[in-house]
Amino acid sequence: MLVLLIEKYEEKAWAISEPDPIEAIKLRMEQMHLKQQDLVPYIENKSKVSEVLNRKVGLSLNMIYNLAKGLHLPLEVLLQPVRKMKVG
């Protein structure tokens, strides 16, 4: 019984959520030493890359597929809702 209580507590207190898709992309860019222009093959064009990374537009299914394949990111991460940036 004690083990079940501890597991329930850990699930609530220490839950690990999937990372934000944009943060995951930025982290992978850093790991792979990529610049925004390096994402153009996966995201239509340079201006669209900027809009995606600045959270002005969402990821399309085509972008998600291309980024998952090209940057070796799990689809589950890229399919998460993008968190809006806090202003101020």
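Compared with the dominant Cα axis of the chain, that is its longest principal axis, helix 2-13 is turned about 30°. Taking trypsin sites (Lys or Arg not before Pro) as exposed when DSSP calls them loop and at most 16 other C-beta atoms lie within 10 angstrom, the chain has its longest site-free stretch at 1-34. Among the chymotrypsin sites (Phe, Trp or Tyr not before Pro) within the range 1-58, those in coil by DSSP and having at most 10 neighbouring Cβ atoms inside 10 Å are Trp14.
The mean sequence separation of alpha-carbon pairs under 8 Å and at least six residues apart, normalised by the residue count of the chain, gives a relative contact order of 35 percent.
In this structure, the residue pairs whose Cα-Cα separation is over 27 Å, taken from Lys8/Lys69; Lys26/Lys84; Lys35/Lys84; Lys48/Lys69; Lys8/Lys84; Lys35/Lys69, are Lys8/Lys69; Lys8/Lys84. Phi-derived couplings, Karplus 6.51 cos²θ - 1.76 cosθ + 1.60 at θ = phi - 60°, listed residue by residue for the range 66-75: 5, 5, 4, 6, x, 9, 6, 9, x, 4 Hz, with x used for Gly and Pro. Under Stokes-Einstein, with the Kirkwood radius over Cα pairs standing in for Rh, what whole-number D in µm²/s applies to the range 18-78 at 25 °C and 0.890 mPa s? Estimated diffusion coefficient is 218 µm²/s.
Along the axis of the charge dipole computed for the chain (Cβ charges of +1 for Lys and Arg, -1 for Asp and Glu, origin at the Cα centre), the listed residues Leu59, Val77, Ser47 are led at the positive end by Ser47.
No value in this document is a laboratory result; all are computed from the given coordinates. Because the structure is predicted, anything quoted here is derived from the model rather than measured. Note: ideal-geometry Cβ built from the backbone for every residue, glycine included; neighbour counts use all protein chains shown.
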